[in-house]
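Remarks on the structure that follows.
The values are calculated or read from the model by the stated rules, or taken from the named source; none is laboratory data. These figures come from a predicted structure and were not determined experimentally. Heads up, the Cβs are rebuilt from the backbone with ideal geometry, glycines too, and the neighbour counts pull from every protein chain shown. Please note that ligands, DNA and RNA were not included when accessible areas were found on the heavy atoms of the full protein model with its side chains. Shrake-Rupley method; radii C 1.70, N 1.55, O 1.52, S 1.80 Å.
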Amino acid sequence: MPVTAKQRRIFDFIRRYIESNHEAPTIAEIGRQFQMRSSASVHAVITALEREGLIKRIPNVSRGIQIVQQKEGGGVGGDDDNEIPLLGTVAAGMPIEAILSHDTISVPKDLQGHGRTFALRVRGESMIDENIQDGDIIIVQSQKTAENGQVVVALIGGNFATVKKFYREPEFIRLEPANPQFKPIFIKTEERIQIQGVVRGLIRKYAA
């Protein structure tokens, strides 16, 4: 019985989490990621993945999930390795409320980098001088820090996501647009901003 699309996304999340953190996520963390309120629902998916031979559980261990390495020519490996999560929408403009989805998108392997990589669809035109346009899909390497001048995805106040160039000044953090029609965002309280990742590349689909 083949895995469902949702089971596959949960498997991919577990695999990338282990790659990034060198340990498996807990049942609660998986539930939060996929907005599954019942731990029984998560257990059912884990059981299905184990039945299909994709993972192995270690009994009575909080993070006791191991990925079963797939042999070439089948299973989960192969061409699907270049699927990354398309997590929703991010604003290139004024910050908009973070919109999460659980789609995936296929990207070239050379854009994936090390650790967890995800994609976001861009709304707005504040980054057009960095060649990031409305409707583009940006490829983001997940990390919590950034160097001055890097293009980052930042979460402001826990609710609002934006893509901007990052600059740490002595008394504030400046999120700089790449369009003279937009104003920078200044954040004086560092706890209000969370770096979600650094932009590694983008995918643009041209209209027919």
How many residues are assigned to a loop (DSSP other than H, G, I, E, B) and not hydrophobic (A, V, I, L, M, F, W, C) if we restrict to region 123-144? 10
Answer yes if at least one residue in region 172-179 is open to solvent by less than 20 Å² (accessible area, probe 1.4 Å), of a type outside the set (A, V, I, L, M, F, W, C) and in contact with a helix residue (DSSP H, G or I) (Cβ under 9 Å, 6 or more places away or on another chain), and no otherwise. yes
Matching residues in region 145-156 (outside any strand (DSSP E or B), in contact (Cβ under 8 Å) with a residue 24 or more places away in the chain and either open to solvent by less than 40 Å² (accessible area, probe 1.4 Å) or over 16 Å from Ile187 (Cα atoms) (or both)) number 2
Is there a residue being free of Cβ contacts under 8 Å to residues at least 40 places away in the same chain, among the aromatic types (Phe, Trp, Tyr) and closer than 20 Å to Ile139 by Cα anywhere in region 194-206? yes
Neighbours by Cβ (under 7 Å, 6+ apart or cross-chain): first from region 38-56, under 11 Å from Ile10 (Cα atoms); second modelled with pLDDT under 90 and surrounded by fewer than 16 Cβ atoms within 10 Å (Cβ to Cβ): Ile46/Arg57
Which of the residues belonging to region 158-208 are within 20 Å of Ile128 (Cα to Cα), charged (D, E, K, R) and assigned to a loop (DSSP other than H, G, I, E, B)? Lys183, Arg204, Lys205
Qualifying residue in region 18-28 (condition: open to solvent by less than 50 Å² (accessible area, probe 1.4 Å) and more than 21 Å from Ile84 (Cβ to Cβ)): yes
Residue satisfying all of: in region 160-171; of a type in the set (Phe, Trp, Tyr) and at pLDDT 90 or above; surrounded by the most Cβ atoms within 10 Å (Cβ to Cβ) among these: Phe166
Subset of region 3-37 (residues that are out of contact with any helix residue (DSSP H, G or I) (no Cβ under 9 Å at 6 or more places or on another chain) and in a loop (DSSP other than H, G, I, E, B)): His22, Thr26, Gln35
Restricted to region 109-159, and to residues that are farther than 12 Å from Thr89 by Cα and of a type in the set (Asp, Glu), which residue is modelled with the lowest pLDDT? Asp110
Please enumerate the residues belonging to region 119-144 that are at negative phi, open to solvent by 10 Å² or more (accessible area, probe 1.4 Å) and not acidic (Asp, Glu). Leu120, Arg121, Arg123, Ile128, Gln133, Gln141, Ser142, Gln143, Lys144
